[in-house]
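To keep things clear, I will list the structure first and then write my remarks on it.
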Amino acid sequence: MSDILGQALLDFHHGKHTNDMVTWTNISDEDTLPLAYLFRTFEDMPKIEQCALKMARGNILDVGCGAGGHSLWLQDKGLKVHAIDSSKGAVEVCALRGIKHVTQTGLLDVTATYDTILILMNGTGIFQNMKHLSSYLLHLKSILNPQGQVLIDSTDIAYMYQNEDGTSCMEINPNYYGELKYYMSYNGKQATAMEWLYLDFDTLKQACHDAGLNCEKIEAGDHHDYLAKLS
């Protein structure tokens, strides 16, 4: 997959961008993702993200750090943060913005242990699909210190399958309804489709139970989203 996200972040950081990103899924139309939103400050973050950052403690892992807004806020508070992202461009932007410890790697390649693991911005998407959910949860459990916490958010997208007359059209997705294909494009270039998993809270809680993790809903957002704490 070409690093479209990383290139967009680099262009914005250097003041060279002329277009925003465009995203869509297999069940939704195109939508514009303003690059400025990916560089938002704490004050402009949704309340779920603000809540998660305020709860973060100890040695912190920021998974899928993007442009690094979460890590920067925590670092400015004097906390020890390790930011990771699979995007080379995102990691470069984070370093340019002053994040002290940032690495290009995937979550499953992490072996160090942490007190807080942050996986935000529809964080369950990183699990890709239901088939991989258990292995990701078990890995998170293995890199969590005793008394540690995973703070992760997601959205119950059942509402996206409702017709105007109130009937359901779940049949358009033969698998679990939160399994989507996610697409993005930037400056006329389209990235390879990603598998992205949106989880309703009850499904996440059951999967955590099966993996030997506690799962607690911490905060509800304004649009079917929520923040969960795994321990």
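Which percentage, to the nearest 5, of the DSSP beta bridges contained in region 102-231 is antiparallel?
80
Please figure out what share of the DSSP beta bridges in region 4-230 is antiparallel and state it in percent, rounded to the nearest 5.
Among the beta bridges of region 4-230, antiparallel pairing accounts for roughly 60 percent.
With the crude spin-label approximation of a point 7 Å out along Cα→Cβ, what separation in nm comes out for residue 161 versus residue 224?
Taking the simple label geometry, residue 161 and residue 224 are separated by 1.0 nm.
Mean-square fluctuation check for the chain, GNM, Cα pairs under 10 Å: which of 183, 198, 159 is largest?
Looking only at 183, 198, 159, the largest GNM fluctuation is found for 159.
Which stretch or stretches of region 176-193 have amide N atoms under 20 Å from the point lying 7 Å from residue 2's Cα along the Cα→Cβ direction?
Counting backbone N atoms under 20 Å from the label point, the list is 182-193.
Tell me what the chain gives for mean residue ellipticity at 222 nm when only DSSP H runs of n ≥ 4 count, each as -39,500 (n - 2.57), the sum divided by the residue total, rounded to 500 deg cm²/dmol.
My calculation for the chain gives -7500 deg cm²/dmol from helical runs alone.
Could you work out how much longer the chain between residue 30 and residue 210 gets when fully extended? Use 0.36 nm per residue separation minus the Cα distance between them, nm to one decimal.
That works out to 61.2 nm of additional length.
Does region 4-230 classify as rounded, prolate or oblate by the C-alpha gyration tensor (a ≥ b ≥ c root eigenvalues; a/c under 1.5 gives rounded; else a/b over b/c gives prolate, otherwise oblate)?
oblate
Rounded if a/c is under 1.5, else prolate if a/b is larger than b/c, else oblate: which is region 13-91, with a ≥ b ≥ c the root eigenvalues of its Cα gyration tensor?
Prolate shape, in that a/c is at least 1.5 and a/b is the bigger ratio.
Just the number, please: percent antiparallel of the DSSP beta bridges in region 1-90, rounded to the nearest 5.
Approximately 45 percent, going by the DSSP bridge assignments.
Compare 27, 218, 152 in a GNM of the chain, Cα atoms joined below 10 Å, and give the one with the largest fluctuation.
Largest GNM mean-square fluctuation: 27.
Using a simple spin-label model with points 7 Å from Cα along the Cα→Cβ vector, what separation in nm is obtained for residue 217 and residue 172?
The two pseudo-label positions are separated by 2.6 nm.
For a test of the definition: using alpha carbon positions, the gyration tensor, and the 1.5 limit on a/c, classify region 68-191 as rounded, prolate or oblate.
Since a/c reaches 1.5 and a/b is larger than b/c, the shape of region 68-191 is classed as prolate.
For region 54-137, how many pairs of lysine residues have a Cα-Cα distance under 21 Å, where the two are 8 or more positions apart or belong to different chains?
Lysine pair count for region 54-137: 6.
Would you be so kind as to identify which of 124, 150, 207 lies farthest towards the positive end of the dipole of region 4-230, taking Lys and Arg as +1 and Asp and Glu as -1 on Cβ and the Cα centre as origin?
Comparing the listed Cα positions along the dipole, 150 ranks first.
Are there cysteines in the chain with no second cysteine's Cβ under 4.7 Å away, and if so, which?
51, 65, 94, 169
Values quoted throughout were computed directly from the atomic coordinates according to the rules given, and no laboratory measurement underlies them. Note that this is a predicted model, so its numbers are computed, not measured. Note that we place each Cβ from the backbone using ideal geometry, even for glycine, and neighbour counts take in every protein chain shown.
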